[in-house]
Every structure is written in C-alpha cells, then in structure tokens.
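**Student:** One structure follows; several queries about it will come next.
All of the numbers you see were taken from the coordinates with simple rules; none came from a lab. Values in this document were obtained by computation on a predicted structure and should not be read as measured data. Glycine also receives a Cβ, built like all others from the backbone with ideal geometry; neighbour counts cover every protein chain displayed.
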Amino acid sequence: MASPLRSILAVAGLGLLLSSPLAGAGNLLPEIPKAKARVSATQGCVEPTEVMRHNHMKFLLHHRKEALREGVRTKKYSLMECINCHVPDPDSPQAVHYGNPKHFCSSCHTYAAVRIDCFECHRDTPLPSSRKSTSASGVTAPVTLASGVDAHALKKASSPAEEN
Ligand code: HEC
Ligand code: HEC
Ligand code: HEC
C-alpha cells in the first residue's frame, strides 16, 4: 500500500486543492475508510486501486448502461457489490450513510464537492445481516423503486452523471 498521503495526492481533481494555502494541515485531507475485504490476495479492488481512484465512475456508468439496456448482469461493477465491500453493515456499530464523510463514497466526494444522486434509489449500506441471503445471489437490488421502471432513462435529462 502507498502511504495515505500519496494515495490522496493521486486522486483526480484533488491535487489542485492541495496547492491551496490551507494544504499542509494534514487533518484537512479526506480519510478514506478501508475496505472490508479484498478481491484476491494480489488485488484489493475489482481493478487496480490506482485505476479505481480515477475511473470508478466510468465503470459504474458503463456497467449501468450494459445492465439496463443490454441485460448484461455481472457482479464485477455492480454498485451493490461496491457497497458490500466498502461500507459497514447497517446493524453494526460503525453503520454510516452517504453524506457522512466517514462513508466510503462520501469520504472523497465531500472533500472534492462531487455530487451524485445514486443513493436516492440505491442502498448506501449493505443489506442488514437478517436479509443477507437475498444478496448472496449476487443480484443487485436497488430497493426503493417499483421494478420495471427505467429510472436511469427518466433521470437522464437532468442527471449530470452520464456515461461518455
Ligand atoms: C471485494 C472487495 C471490493 C469490492 C467488491 C470493491 N472494492 Fe474498491 N477497493 C477494495 C480494496 C481492498 C481497495 C484498496 C484500498 C483499501 O484497502 O481500502 C479498494 C479501493 C477502491 C478505491 C480507491 C480508494 C483509495 O483508497 O484511494 C475506489 C475509488 C474504489 N475501491 C471503488 C470501488 C467501486 C466503485 C466498486 C464497485 C464497482 C468497488 N470499489 C468494489 C475492495 C473492494
Ligand atoms: C478516492 C476518492 C473517491 C472515492 C472513495 C469515491 N469517489 Fe466517486 N468520485 C471521486 C472524484 C474526485 C470524482 C469526480 C471526478 C471528476 O469529476 O473527474 C468522483 C465522481 C464520481 C461519479 C461521477 C459524478 C459525476 O456526476 O460526474 C460517480 C457516479 C461516483 N464518483 C460514484 C462513487 C461511488 C458510488 C463511490 C463509493 C462506492 C465513490 N464514488 C467513491 C472520488 C472518489
Ligand atoms: C431514480 C432512481 C435511480 C437513481 C437516481 C440511480 N439509479 Fe441505478 N438503478 C436504478 C434502478 C431501478 C435499476 C435497475 C435495478 C435492477 O434491475 O436490478 C438501477 C440499476 C443500476 C445498475 C445496474 C445494476 C447493478 O448495480 O449492477 C448500476 C451499475 C447503477 N444503477 C448505477 C447507478 C449509479 C452509479 C447512479 C448514480 C450516478 C445511479 N445508478 C442512480 C435506479 C436508480
């Protein structure tokens, strides 16, 4: 693992902020919570960490398109899988929601003022352990919407997060 400071310097867009006069005070840097597991002994994330730092949004948006329009259902870039591995269980003492800087996805986004609407519909925590068997199938389940609604298409006109 690179040192936390180096990881942070490598984050796209954050480097600029570090050239501000406030940089240097270490506690102003985002603290990125550690993942709960690794993909394999040799690789932490679903792609090399450095690649994920810069490209996670592209993988998510591309997979979303494939899953919804072309019916390609794989776990690799499923949003639920990201949450399962990166966010504490909702019934654990560390439970945390998006918007709190201690939530994995918020840690950088709060710092870099990135806005996403994904968690208006998708779970920002894993399923509670009582319902774990549901997710073991690997079928991702954004929860609050009636099924069959093409929510992304509806959102398209207004959402800034679009695949390129
Ligand atoms: C099986 C566990 C696992 C899954 C699933 C997973 N990750 Fe990761 N991810 C890791 C590990 C391990 C790291 C390395 C940093 C660490 O140890 O926390 C990492 C690193 C990252 C980083 C860089 C963080 C940093 O410290 O700079 C991002 C961004 C990221 N993951 C996003 C995602 C997204 C988005 C998904 C879903 C498409 C995902 N991850 C799925 C385990 C996982
Ligand atoms: C290592 C820091 C970091 C982590 C951790 C992180 N992000 Fe990001 N994310 C960013 C940055 C920085 C941007 C803006 C990149 C840009 O504008 O080029 C971004 C942008 C995005 C975007 C695109 C937003 C848009 O409108 O363009 C999405 C979607 C996104 N992140 C989803 C997630 C999700 C989901 C997680 C948690 C699983 C997550 N990110 C975790 C740093 C991070
Ligand atoms: C208005 C509600 C809504 C919003 C906002 C939303 N989604 Fe979704 N998303 C859905 C629904 C509904 C599905 C289809 C669920 C299914 O069929 O499994 C879905 C499916 C997906 C899938 C494919 C299933 C998977 O996880 O493998 C991905 C990836 C995804 N969304 C990512 C995102 C990302 C990233 C954002 C934010 C930039 C986002 N969504 C915002 C409702 C939403």
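**Student:** Based on the mean of other beta carbon atoms within 10 Å per residue, what is the order of 97-105, 29-37, most packed first?
**Tutor:** 97-105, 29-37
**Student:** Given R₀ = 22 Å, FRET efficiency for Arg115-Lys58 by Cβ-Cβ distance, to 0.05?
**Tutor:** Efficiency at R0 = 22 Å is approximately 0.80.
**Student:** Same structure again: Fully extended, how many nm does the chain gain between Val39 and Ser130 (0.36 nm per residue separation, minus their Cα-Cα distance)?
**Tutor:** 30.4 nm
**Student:** By per-residue mean of other Cβ atoms within 10 Å, what is the highest-first order of 40-49, 77-86?
**Tutor:** 77-86, 40-49
**Student:** Please compute the modelled spin-label separation between Val51 and Glu70, points set 7 Å along Cα→Cβ, answer in nm with one decimal.
**Tutor:** In this crude spin-label approximation the distance works out to 1.7 nm.
**Student:** Sticking with this one: Give a residue-ordered list of calculated ³J(HN,Hα) values for the stretch 45-61 (Karplus: 6.51 cos²θ - 1.76 cosθ + 1.60, θ = phi - 60°; whole Hz; x for Gly, Pro).
**Tutor:** Each residue of the stretch 45-61 in turn: 9, 5, 9, x, 3, 4, 5, 5, 3, 8, 10, 4, 5, 5, 4, 5, 6 Hz.
**Student:** Along its principal axes, what span do the Cα atoms of the stretch 47-122 show, with the longest given first and each in whole Å?
**Tutor:** Over the stretch 47-122, Cα extents along the principal axes are 38, 28, 25 Å.
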